[in-house]
Amino acid sequence: MKQSGYRTTFHIYSIFFLSLLGTLLVVCCLFAMLITVANPNGKNVRLG
């Protein structure tokens, strides 16, 4: 059975959007880890 063009386009855009959202989430987490330093007493301190 052939899928409609609208449904296929929506599927492609939704996959792209979810991938972009996941990538941005990972980048934000890595950036937060980059600017945070753990002290020996267990406290996290932000630089800047």
- Crossing angle, helix 5-34 versus the chain [Cα axis fit, 0-90 degrees, rounded to tens]: 10
- Item | Values of log10 I(q)/I(0), in the order q = 0.16, 0.17, 0.24, 0.31 Å⁻¹, for the chain under a Debye, Cα-only, solvent-free model | -0.61, -0.65, -0.85, -1.02
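Values quoted throughout were computed directly from the atomic coordinates according to the rules given, and no laboratory measurement underlies them. The shown structure was predicted, so the numbers you read here are calculated from the model rather than taken from an experiment.
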